[in-house]
1. Per 0.36 nm of contour for each residue apart, how much would the distance between residue 130 and residue 49 grow if the chain were fully extended, relative to their Cα-Cα spacing?
2. Can you give the relative contact order of the chain as a percent, counting alpha carbon pairs under 8 Å and 6+ residues apart?
3. I want to verify a result. In a Gaussian network model of the chain, Cα cutoff 10 Å, which of these has the top mean-square fluctuation: 81, 155, 173?
4. Would you mind calculating the relative contact order of segment 99-205 from Cα pairs under 8 angstrom and at least 6 residues apart, reporting the percent as a whole number?
5. Which of these, 25, 183, 96, has the largest mean-square fluctuation under a Gaussian network model of the chain (Cα springs below 10 Å)?
6. Mind telling me which of 160, 126, 56 comes out most flexible in a GNM of the chain, alpha-carbon contacts under 10 Å?
7. For the chain, report the % of Cα-Cα distances exceeding 22 Å.
8. Give, in nm to one decimal, the length gained when the segment between residue 91 and residue 65 is fully stretched (0.36 nm per residue of separation minus the Cα-Cα distance).
């Protein structure tokens, strides 16, 4: 499976035509125009006065936010360019990047998921630019999500680009579908993990977890 196929499989979108742009997905400007109109209709159904100075431009603002920010990860062409380096120092221990901020959107109620991701891997000959780990997290977060799938997507993508099974991902997050509606309980944290390769052994998993909590 090549990188483009991996992107499409993980995102659950229409396959691309090979040049990075889907032949069946609307271009961003058309998406914005359509969402603006639909959101305007929603606001009108709710009884909001769209002649109000504070509200009249809200449909456009929301449409641009959805396409260019909140759900930008739906387009494969927004995937980060991955920078890999040879492991010239033969570093054989785990490399950990922790407390990576994550802002996603619950696909059940379209409200925020806010938290942090911790990533560990052991080089199979290549190392990745540290900021690219943050960008990978952001890419998969910027779409309607469930936390379990997001955690697995990050791990599987890193396994592919790094060429190693030795990857571990932990995500801790607060779901506003719990905090701001329904039960309305504040302070609940959901924790998910995805361990692969050597991290499936108890010793490496324990070491990784200890470093994350340190």
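What follows draws every value from the coordinates through simple rules; no lab data is involved. Since this is a predicted model, take the numbers as computed values, not measurements.
1. Gain on stretching residue 130 to residue 49: 24.5 nm.
2. 17
3. Sorting by GNM fluctuation, first place goes to 81.
4. It comes to 29 percent, rounded to a whole number.
5. 183
6. Looking only at 160, 126, 56, the largest GNM fluctuation is found for 56.
7. Across the chain, Cα pairs with separations above 22 Å total 57 percent.
8. Answer, rounded to one decimal: 5.2 nm.
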